[in-house]
Amino acid sequence: MAGLYRRLCPSAAQVHDLLEEGEPLLNDHIALRTFNLPQVGLDRLAAPFIAIGYKPCGKYHFEAKKLYAEHFEHPNPLAPKVFISELMVGQFSSLLQQTVRDLVNQVPESAMHDPAFLYGGRLWDLDYATYELLAAESEYAGWLAAHGFGANHFTVSINQLEQFTEIQEVNHLLRHNGFLINESGGEVKGSPEVMLEQSSTMADRVSVSFLDGEQEIPGGFYEFAKRYPMADGELYRGGFVEASADKIFESTNQ
Ligand code: NI
């Protein structure tokens, strides 16, 4: 998974250099995107994780963005949570619906039986005009059509870090090093009251091959999460905060 992600988010190496304190960074969660069509729906993406012991935990609705999501956890608390969202294709224009169906119909059924599809990138081809048409109606649809399957972000757990205790400090360091921070809904999403604070960089711009040539578009990004201790002293395990996740999606906006 890491190889594809480095292509989507070339600044990943810089984030690691800036924050690592001698041990690998702990990843709070990875996030995957898909369309809610039977061939490629959320359940298809979840299956390989369930096969290795992940369990469904939370469900989330993002009405304005027309997304549904679930998150999955592994009994090993050090294993990253997995957040999978799907675009509710049927709620969009008939043009978007048909365009997405034409892309998904290019996916060979056999490709979905090999768990490698999870980091296989795009299993269809499209031209740049099709990307623009989709992105105009849904940034998420455009992003997914251009990049296909793979993690769209990794999330550094800042609880692990010794030199930073506040998300704002991490954001400050990143800004100082030239990163753009996602400001939608404020630079820190969530609060101690909801037991979870998150922030994210704006996605790197990366070159993508379309049928009619290369174009630069938003790729992957980094997220930072701070979980607060619960009454039993363990860090908050309750999954995600819908209002915060809603804004994190916008990290891949143009
Ligand atoms: Ni996230």
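Suppose the filter is touching a residue at least 60 places away in the same chain (Cβ under 8 Å), more than 16 Å from the ligand (Cβ to nearest atom), closer than 18 Å to ASP28 by Cα and of a type in the set (A, V, I, L, M); does LEU161 pass it?
Yes, satisfied.
Report yes if some residue within the range 136-157 is of a type outside the set (Phe, Trp, Tyr), under 22 Å from VAL206 (Cβ atoms), away from the ligand (no atom under 16 Å from the Cβ) and in a loop (DSSP other than H, G, I, E, B); otherwise report no.
yes
Mind counting the residues in the range 56-78 that are crowded, with 16+ Cβ neighbours inside 10 Å, aliphatic (A, V, I, L, M) and either modelled with pLDDT under 95 or closer than 16 Å to THR155 by Cβ (or both)?
Going through the range 56-78 one residue at a time, the tally reaches 1.
Considering only residues that are free of Cβ contacts under 8 Å to residues at least 60 places away in the same chain, in a strand (DSSP E or B) and crowded, with 17+ Cβ neighbours inside 10 Å, which ones fall in the range 199-221?
Those that are free of Cβ contacts under 8 Å to residues at least 60 places away in the same chain, in a strand (DSSP E or B) and crowded, with 17+ Cβ neighbours inside 10 Å: SER199, SER200.
Looking at GLY185, is it in a loop (DSSP other than H, G, I, E, B), at positive phi and away from the ligand (no atom under 16 Å from the Cβ)?
So GLY185 does not fit the description; no.
Among the residues of the range 102-119, are any surrounded by fewer than 19 Cβ atoms within 10 Å (Cβ to Cβ) and within 16 Å of the ligand (Cβ to nearest atom)?
No; the residues of the range 102-119 include none that is surrounded by fewer than 19 Cβ atoms within 10 Å (Cβ to Cβ) and within 16 Å of the ligand (Cβ to nearest atom).
The values are calculated or read from the model by the stated rules, or taken from the named source; none is laboratory data. Just so it is clear, the model here is predicted, and its values are computed rather than measured. Positions of Cβ are backbone-derived with ideal geometry, glycine not excepted, and every protein chain shown enters the neighbour counts.
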